[in-house]
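We did not get these values from a lab; they are worked out from the coordinates using the rules stated. Please read all numbers here as calculations on a predicted model, not as lab measurements. Neighbour counts are summed over all protein chains in view; Cβ atoms, including those assigned to glycine, are modelled from backbone coordinates with ideal geometry.
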Amino acid sequence: HRQELLDFQMNDSNFMKMIRMSQSLARKLRKANRSAATAVTAFTDLDSTVSPEQRKMWESEERVAQETRITDPSAMDIFD
């Protein structure tokens, strides 16, 4: 009897998750869309303060880190 109750509870829990999944995903998508605008604004503000020389240096560092990360994982430390 105990096993039957546990099975029933798990089946009910999974069923409820399944039928509520679309509502949850829709809510998360709306939140992500609202946050995206804020992120774009913040990036634009930050990007406008960077000099072209600094940007080139960062891009070079990123390229080196991406190229050497397989052999040297510590190369990715520049992103910390």
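Let's see how each residue does on (1) loosely packed, with under 10 Cβ neighbours inside 10 Å; (2) aromatic (F, W, Y); (3) in a helix (DSSP H, G or I):
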| position | (1), (2), (3) |
| --- | --- |
| E4 | yes, no, yes |
| D7 | no, no, yes |
| Q23 | yes, no, yes |
| D45 | yes, no, yes |
| V50 | no, no, no |
| Q54 | no, no, yes |
| E61 | no, no, yes |
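Within region 2-12, is even one residue under 26 Å from the mean Cα position of the chain (by Cα) and of a type in the set (A, V, I, L, M)?
no
Could you list, in sequence order, all residues of region 59-74 that are closer than 24 Å to D47 by Cβ, of a type in the set (G, A, S) and more than 21 Å from the chain's Cα centre (by Cα)?
Scanning region 59-74 gives a single hit, S60.
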